[in-house]
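The values are calculated or read from the model by the stated rules, or taken from the named source; none is laboratory data. Quick caveat: nothing in here was measured; it's all calculated off a predicted structure. Here the Cβ positions follow ideal geometry from the backbone for every residue, glycine too, while neighbour counts run over all protein chains shown. Just so you know, the surface numbers come from the protein's heavy atoms only, side chains and all, with ligands and any DNA or RNA stripped out. Shrake-Rupley method; radii C 1.70, N 1.55, O 1.52, S 1.80 Å.
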Amino acid sequence: MPLLDGFGRIATDLRISVTDRCNLRCTYCMPAEGMTWLPRADVLTFEEIDRLVRIFVSLGVRTVRLTGGEPLARRDVPKLVEMIAAHDIDDISMTTNGTTLAKHAHALRAAGLERINVSVDSLLRHRFAEMTRRDALDSVIEGLTAARDAGLWPIKLNCVVVRGTNDDEVVDFARLARDTGYEVRFIEFMPLDADESWSRASVVPSSEVIEAIDRVFALERIVRGTEPASVFRFADGAPGSVGVISSVTEPFCASCDRIRITADGQFRTCLFALDEIDLRAPLRDGRSDEEIAAAIAAAVERKWAGHRIGARSFVRPSRSMSAIGG
Ligand code: SF4
């Protein structure tokens with residue numbers, strides 16, 4: 001039975017946060033001092049994640065993405081990739097900040113990971129250090145090279161654009177895409193930052209990003225399935241592509257196929273959900289797969305139409321981005 005919600009959408013894409021921990025302190029995500037990390041006992045074990053994946057696949061999930069915090073901050077993630085890759089799914093990917101990717105790329109590829117998303121918000125060393133509060137751009141670049149060498153492809157770069165901070169780099173990122181064949185995704189800044197400093201004024205609309213690039217490198221739109229990004233190729237045939245994820249200015253909730261599990265086993269039907277259901281307790285107190293599957297299906301049936309950013313009724317979720325996962 002597919003995971004059908006009340007708006008006729010079918011959930012097929014599962015995002016799994018494997019840890020809330022991270023080695024960076026991105027200003028649009030968490031405070032300088034970090035967060036109070038989950039106690040280890042509260043974090044799902046690999047076996048529990050594997051069992052949940054089996055249940056979700058039985059409900060029609062086809063793609064799995066591993067997220068964090070920073071997923072590679074957790075030990076032995078290639079082992080988990082191997083377990084998940086053994087299921088009947090179409091795609092497994094990961095979103096990482098890339099700082100330790102050079103160490104893990106080959107093991108991840110050997111375990112069955114096919115492609116990777118790396119979060120990079122600036123190509124300038126000093127600005128990267130300002131935005132992440134860590135001087136780690138060099139290690140990210142090493143990680144990208146290792147990912148390519150290992151055969152992880154395509155490589156997508158996720159860049160959160162913040163007005164007055166890194167919006168002057170979008171053309172440089174497009175140039176990097178042309179030089180490398182990477183797919184650069186520009187993400188509108190969303191109100192999920194832990195210190196709640198988000199404002200509408202700090203959002204750079206995707207239309208502005210595309211216009212700025214198109215003035216330098218002519219773009220042609222590529223029509224794709226339900227993925228959140230609107231993607232453009234270079235009209236002159238150069239390698240690579242650019243895309244925009246316009247959650248704030250052009251919401252795409254009407255075609256949403258995504259659902260999430262947090263590192264502590266809470267099921268969220270939406271990134272901005274105000275409620276979640278506990279899957280860890282039923283996993284640990286002997287409930288059957290069927291009982292857990294029924295709880296998941298019931299939650300998806302109740303999934304709301306979408307976030308309400310900009311509406312008077314908008315309420316921030318109680319979790320910040322690092323505790324939900326991308
Ligand atoms: S905000 Fe929620 S409903 Fe909308 S696209 Fe994102 S996850 Fe889906």
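Pick out, from the stretch 49-137, the helices (runs of 4 or more DSSP H) lying fully within it that include 3 or more residues that are crowded, with 23+ Cβ neighbours inside 10 Å, modelled with pLDDT under 95 and charged (D, E, K, R).
none
Taking the stretch 287-305 as the search range and keeping residues that are within 13 Å of the ligand (Cβ to nearest atom) and either of a type in the set (Gly, Ala, Ser) or surrounded by fewer than 16 Cβ atoms within 10 Å (Cβ to Cβ) (or both), which one is nearest to ARG268 (Cα to Cα)?
ARG302
Quick grid of which residues meet (1) farther than 16 Å from ALA323 by Cα; (2) touching a helix residue (DSSP H, G or I) at 6+ places or on another chain (Cβ under 6 Å):
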| residue | (1), (2) |
| --- | --- |
| VAL248 | yes, no |
| PHE252 | yes, no |
| CYS256 | yes, no |
| ASP264 | no, yes |
| CYS270 | no, no |
| PRO282 | yes, yes |
| GLY286 | yes, no |
| ALA293 | yes, yes |
| ARG302 | yes, no |
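Since SER197 meets every condition but one in (1) surrounded by 12 or more Cβ atoms within 10 Å (Cβ to Cβ); (2) at pLDDT below 95, which condition does it not meet?
Looking at each condition in turn, SER197 falls short on (1).
Residues being open to solvent by 40 Å² or more (accessible area, probe 1.4 Å) and among the polar types (S, T, N, Q): count how many of those fall in the stretch 200-230.
Counting residues in the stretch 200-230 that are open to solvent by 40 Å² or more (accessible area, probe 1.4 Å) and among the polar types (S, T, N, Q) gives 2.
Given the criteria within 13 Å of the ligand (Cβ to nearest atom), within 30 Å of ARG221 (Cα to Cα), of a type outside the set (A, V, I, L, M, F, W, C) and not in a loop (DSSP other than H, G, I, E, B), does ARG308 qualify?
When the stated conditions are applied, ARG308 does not pass them.
Given the condition more than 28 Å from ASP195 (Cβ to Cβ), modelled with pLDDT of 95 or more and open to solvent by 60 Å² or more (accessible area, probe 1.4 Å), answer yes or no: does some residue in the stretch 238-250 qualify?
Yes: one or more hits.
Filtering the stretch 165-194 down to residues that are crowded, with 22+ Cβ neighbours inside 10 Å and either small (Gly, Ala, Ser) or more than 21 Å from the chain's Cα centre (by Cα) (or both), which residue is nearest to ARG148 (Cα to Cα)?
For the stretch 165-194, the residue satisfying everything is ALA177.
Restricting attention to the stretch 256-284, which residues are in contact with a strand residue (DSSP E or B) (Cβ under 6 Å, 6 or more places away or on another chain), more than 15 Å from the ligand (Cβ to nearest atom) and over 16 Å from ILE55 (Cα atoms)?
ALA263
Pairs please, first residue from the stretch 1-16 and under 23 Å from PHE46 (Cβ atoms), second anywhere and open to solvent by less than 20 Å² (accessible area, probe 1.4 Å) and of a type in the set (Phe, Trp, Tyr), Cβ atoms under 8 Å, 6+ apart in sequence or on different chains.
Final answer for the pair search is LEU14/PHE56.
Do the conditions hold for CYS253, that is, is it within 13 Å of the ligand (Cβ to nearest atom), open to solvent by less than 50 Å² (accessible area, probe 1.4 Å) and in contact (Cβ under 8 Å) with a residue 40 or more places away in the chain? Please lay out each step first, then the result.
Numbers: within 13 Å of the ligand (Cβ to nearest atom): yes; open to solvent by less than 50 Å² (accessible area, probe 1.4 Å): yes; in contact (Cβ under 8 Å) with a residue 40 or more places away in the chain: yes.
In short, yes.
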